[in-house]
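Worksheet: the structure to be examined is printed underneath.
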Amino acid sequence: MVYEGGPMTEAMYYVLIALSNPNHGYQLMEEIKKLSGGRIAMGPGTMYGVLTRMQKERLIIVIHDDGRRKTYQITDEGKTVLLQEYHRLKCLVDDGSYLEENAHE
Amino acid sequence: MSKIVKRLRNINLYNIGMFESWLSDMAQEGLLLKRVGYSNCSFQKTEAYKMEYRIEIDSQSMTKERIELYQQYGWAYVCSYRELHIFRAPASEELIEIHTDLKEQSYTLKNVIRKLRICNIALLACLVFIIVDNVVLISIGNTPYLNLLEYGLQSVISTFIMIMVVILTIHQSCDSILLKKMLTKGKPIDHHANWKKGTKLVKAINGIAIIFCVFIFIQLGYQVNHIVGYFNGKGSYNLTMDTKLPIARLADIEESKNPILKEEDIPKKHNFYNEVQKESGLLVNKYEVRETYYVADEVWEDHDEAYTPSLTTNYYELTIPAFMDGVMKDLVYQEENYYFTEEYKAIKVNYEGLDEVYYINGGTGCFTVVVRKGNKILSLNYWGKQEYTKVLSALAIGLK
């Protein structure tokens, strides 16, 4: 199963960012909460689903498994698609930046 | 040890919102889910709780890591049934939902929908095979009613049960597809949906399936009884001069003096020439009676051998009056076409004391009469010197 491209879900985007440093499920959710300034409290089902799917799409890998918990890390392929998504989102924000300028006027 | 209570599950498995809502309502009644079964759920009787239930759909089994992860957010794992994994947590405003991204949640259904689709195709193929098999079985010999009495009931009931299973599985499949579409569109699951609305179809299907199962068990009971009867001698036994049956006996037809019941050359437990076979079922009580005389001091008219008249009676006592005409027609057809080389034409005759009579002349010294009286239908094959009116006269008395 290979990642087919296209816009990422919010959950996927944040998990990939948070996995720049190897991490496991619970800590990862706490990390995302911190990263998003408390805006995102990701549910465990969503987290587990994203991790399983992205592992199949080879965007992340398991670097440690002690039988009770797995530690995940982003792959090079994961980094590439994350960067692509970042640029896509940046373009979207830039294209809509006039909204902010109008708001100041 | 606390009491375990079972409740029928009248909600479709994949109607997640209603199922979760039902489980929450049960907890408020003091019933905490313990196990999910095919048709019911087991609950532990406790005090009433305000509990939230969430059902995860995943074709993979729950891992320890996953259970612990959910636990850290307050969701305790309860049990799994097929692809459904059930969690619960005490209701609280601080409770974090298991799924916070609907699009991601919709992805979890992909494998299950594919699995259900394969299951539907396989079940439909089985259903088609069963229907074709039954149609062929019932059409054999162009006597559908007789075949239905003979082998059909069980097959027809099992076909209907199979149809019910297919409907239920398709219903589950539709629910899971609808759920996926709903989540993809960004509409969340209503965890407190009115589950009473969703119970009607499942209740109706379960009710019909239970009725059919009861019929199958009754029919199986008859079949077991038939097998037991074969061994204990009640289902199949040798005929004697004194055996009382509601049919015509050779003694009432023949005028021979000192007849004896013919024995087989090598005596066996069952005498083929003089035997009664009894078979009961939901649709029919049936006897097959074979009777053959041996008259030492009397010979056949066309050859010198000892006179051995015989009478084979097939007796059907029908439960369903609607089958009467069909069985009568089939028996007449069967007798008309008994020999592949020749076709004998049945003649309808009137005889006092009998409701409907057909006479089929099968050549010298041989004929068949098919007779109906009330809910009893009989076909009698006679070999001997007597006229058919004599057989009918003996039968009219026998049936009284």
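Rule-based calculations on the coordinates, nothing more; no lab input. A quick note: this is a predicted structure, and the numbers were derived from the prediction, not measured. Quick reminder, even Gly has a Cβ in these numbers, built from the backbone with ideal geometry, and neighbours come from all protein chains shown.
Computed values, structure above
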read-out	value
Range of Cα positions in region A:10-96 per principal axis (Å), largest first	47, 28, 19
Region B:4-98 shape via C-alpha gyration tensor axes, a/c threshold 1.5	oblate
Spin-label model distance (nm) - B:LYS50 vs A:ARG68, 7 Å beyond Cα toward Cβ	3.4
Average Cα contact separation per residue, chain A, under 8 Å, 6 or more apart, as relative contact order %	30
Dipole of region B:4-98, positive direction: furthest Cα of B:TRP22, B:GLN44, B:TRP75, with charges on the beta-carbon	B:GLN44
Cα centroid of region B:88-150 to Cα centroid of region B:1-62, whole Å	22
Rg(Cα)/(2.2 N^0.38 Å) for the protein assembly as shown, N = residue count	1.61
Phi-based couplings in Hz for region A:18-24 (Karplus 6.51, -1.76, 1.60; Gly and Pro marked x)	5, 7, 4, 10, x, 7, 10
Other-chain or far-sequence residues with amide H under 5 Å of B:SER280's (modelled H)	B:LYS286
Tensor-based shape of region B:233-399 (alpha-carbon gyration tensor, a/c under 1.5 rounded, otherwise prolate or oblate)	oblate
Three-way shape label, region B:231-289, alpha-carbon gyration tensor, a/c 1.5	oblate
Charge dipole (debye, nearest 20) of chain B; +1 at Cβ of Lys and Arg, -1 at Cβ of Asp and Glu	2660
Selection from B:ASN274, A:SER20, B:TYR287 lying farthest towards where the dipole of the protein assembly as shown points positive, charges on Cβ	A:SER20
Region A:37-76-region B:200-265 distance, computed between alpha-carbon centres (Å)	68
Distant-in-sequence amide H partners of B:TYR307 (H built 1.01 Å from N, under 5 Å)	B:VAL295, B:GLU298, B:VAL299, B:TRP300
Given charges at beta-carbon only (K, R positive; D, E negative), |dipole| of chain A in Debye	620
Region A:75-81 - phi-based ³J(HN,Hα) in whole Hz, Karplus 6.51/-1.76/1.60, Gly and Pro as x	9, 5, 4, x, 4, 4, 5
Taking all pairs of distinct alpha-carbon atoms in region B:110-229, Kirkwood radius in angstrom	17.3
Listed residue pairs exceeding 29 Å between alpha carbons, taken from B:LYS181/B:LYS203; A:LYS79/B:LYS181; B:LYS64/B:LYS110; B:LYS6/B:LYS110	A:LYS79/B:LYS181; B:LYS6/B:LYS110
Eligible aspartates and glutamates near B:LYS390 by straight Cα distance, threshold 14 Å, same-chain separation 8 or greater	B:ASP252, B:GLU254, B:GLU255, B:GLU352
Kyte-Doolittle at least -0.5, axis length at least 20 Å by Cα - qualifying DSSP helices, chain B	B:110-139, B:153-184, B:199-232
Distant-in-sequence amide H partners of B:GLY30 (H built 1.01 Å from N, under 5 Å)	B:TYR49
Length-normalised contact order for region B:110-229 - Cα pairs under 8 Å, 6+ apart - percent	31
Order of A:MET47, B:MET328, B:MET18, B:MET182 under a 10 Å beta carbon neighbour criterion, fewest first	B:MET182, B:MET328, B:MET18, A:MET47
Label-point gap, in nm, between B:TYR333 and B:MET241 - each point 7 angstrom along Cα→Cβ	4.3
Per-residue average of Cβ from other chains inside 10 Å of A:63-75	1
